[in-house]
1. Can you pull out the residues in region A:264-276 that are surrounded by fewer than 20 Cβ atoms within 10 Å (Cβ to Cβ) and either away from chain B (no Cβ under 13 Å) or in a helix (DSSP H, G or I) (or both)?
2. List the number of the failed condition for A:ASP314; all other conditions in (1) free of Cβ contacts under 8 Å to residues at least 60 places away in the same chain; (2) closer than 23 Å to A:GLY58 by Cβ; (3) of a type in the set (Asp, Glu) hold.
3. Please specify each residue of region A:213-228 satisfying the condition of being under 24 Å from A:ASP262 (Cβ atoms) and within 7 Å of another protein chain (Cβ to nearest Cβ).
4. For the list (1) part of a loop (DSSP other than H, G, I, E, B); (2) in contact (Cβ under 8 Å) with a residue 40 or more places away in the chain; (3) farther than 30 Å from B:ALA23 by Cα, I need the number of the one condition that A:GLY342 fails.
5. Do we find a residue being at pLDDT below 95, over 30 Å from A:VAL235 (Cβ atoms) and part of a strand (DSSP E or B) anywhere in region A:133-152?
6. Please pick out the residue among A:VAL113, A:VAL55, A:VAL72, A:VAL79 that is touching a strand residue (DSSP E or B) at 6+ places or on another chain (Cβ under 6 Å) and over 18 Å from A:ASN284 (Cα atoms).
7. Which one of these is closer than 26 Å to B:ASP35 by Cβ and touching a Pro at 6+ places or on another chain (Cβ under 6 Å): A:GLY311, A:GLY229, A:GLY302, A:GLY315?
Amino acid sequence: MRLNLAPVCRPQQWKPLLTGGTARRSYAFQSGSLNFEVFNRRAKWLQKERAAANVEEGRQADYLKDEVAMRVCERLLDVKRQFPRVLDLGANSCNIARALLRPNPDPESEPPVTDPLATKITELVAAESSHSLLHRDHDHPSLSTAHVPDFKLSRHVLEHDELLPFEPETFDMVLSSMSMHWINDLPGVLSQINSVLKPDCPFIGAMLGGDTLYELRTSLQLAEQERKGGISPHVSPLADVRDVGGLLQRTGFKMLTVDVEDIVVDYPDMFALMQDLQAMGEGNAVLGREMGPIGRDVLLAGDAIYRALHGNEDGSIPATFRIIHMIGWKESPDQAKPLRRGSGQASLKDLLEGQ
Amino acid sequence: MQPQKATVRPIQRFASAVSKCSAESAAYGKCILADYNSVHKDLCAKEFMRLKDCYSLAAKKA
């Protein structure tokens, strides 16, 4: 259920929305294109540019994106293929490239030392709309390809982050980590991803979903309701894991895998959490938010409520990041398909009753 | 642009002042928690004023 918010949110007598009417993006609509703008693209670009300008803070705050990129790349350990040309959509600061270049990515395997995942890839095209963020770690040692000489990282700045300027069927894999939750037209972008993939090639993605930052959302809603008498959105509406499967299927991906995991990070107070979010470039960019910074009263009240409602015993506060991982394959004639209905030979009823 | 290390952001000064008011902050939180399904404007105004006074004092001292 999505609330239709007026461009300027004046305080009104609204019931507090603890479970959040604004929290969930709905993709359960009838067929036929529904063009909606949820995020202000220029605001998001500006936030990313500013985050990239603070190089040290940005690198410190990259822990979440690096962790998710590592988990995305772990899914590559199971695929025994070479990928000549791979697209990293929404590359941020090339976190996926960094995860691919890590030495010994799977220490528990036999043999004990494995090659970096970048050996499976010849060219990684990192596409991102923010030039500064993409080039922030240009000469950083973590992105050095000296130990993987056949791997090439090429950076591509996107003019429009929802229009892919690539020819159809030119990529052997598309990866996307922690950037799809800022896309307005997600079905459109997914269908573009489907078209740039060669047949029988995977799309592996990870995005923030559902109950991410629900603690922050509820605390700020209560604080604003008590201090100002109304609320305005502070946390984006995010896709739910139930909708993602349907979205991928409608776009034409086959052999889907969708799973969800929670990463809970503890912070000393709400302000540290908000500073880290800003340094990550994950500030609020919802259209219809109240412009300008959050007032001191609301911040003060919000921190107190956060601590009372969600605080840990040791005085720290948790922040939940719910990551939705998805894998979908481009259709190909030689892929395994589900059998025709009615072609089953064994009867489950007999099998179960026989026991 | 001032160098990043030299300046302390206003939010960091705010955070350190607020950290000195944990008792008042807990009292305000408790008041909200008692009735969080029907929060309206100034439900816990008294506790908030105490919290704000404590913060102003801590900010002045710093």
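The values are calculated or read from the model by the stated rules, or taken from the named source; none is laboratory data. None of these values were measured; they are calculated from a predicted model. Counting neighbours? That spans all protein chains shown, and the Cβs are built from the backbone with ideal geometry, glycine included.
1. Passing the criteria: A:VAL264, A:VAL265, A:ASP266, A:ALA272, A:GLN275, A:ASP276.
2. (2)
3. A:LEU222, the sole residue that qualifies.
4. (2)
5. yes
6. A:VAL72
7. Working: A:GLY311 fails: touching a Pro at 6+ places or on another chain (Cβ under 6 Å); A:GLY302 fails: touching a Pro at 6+ places or on another chain (Cβ under 6 Å); A:GLY315 fails: touching a Pro at 6+ places or on another chain (Cβ under 6 Å).
Only one candidate qualifies: A:GLY229.
Conditions tested, residue by residue: (1) touching a residue at least 12 places away in the same chain (Cβ under 8 Å); (2) under 21 Å from A:GLY295 (Cβ atoms); (3) of a type in the set (Gly, Ala, Ser); (4) more than 7 Å from every other protein chain (Cβ to nearest Cβ).
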{"site": "B:PRO10", "(1), (2), (3), (4)": "no, yes, no, yes"}
{"site": "B:SER16", "(1), (2), (3), (4)": "yes, yes, yes, yes"}
{"site": "B:LYS20", "(1), (2), (3), (4)": "yes, yes, no, yes"}
{"site": "B:SER25", "(1), (2), (3), (4)": "yes, yes, yes, no"}
{"site": "B:ILE32", "(1), (2), (3), (4)": "yes, yes, no, no"}
{"site": "B:ASP35", "(1), (2), (3), (4)": "no, no, no, yes"}
{"site": "B:CYS44", "(1), (2), (3), (4)": "yes, yes, no, no"}
{"site": "B:MET49", "(1), (2), (3), (4)": "no, yes, no, yes"}
{"site": "B:CYS54", "(1), (2), (3), (4)": "yes, yes, no, yes"}
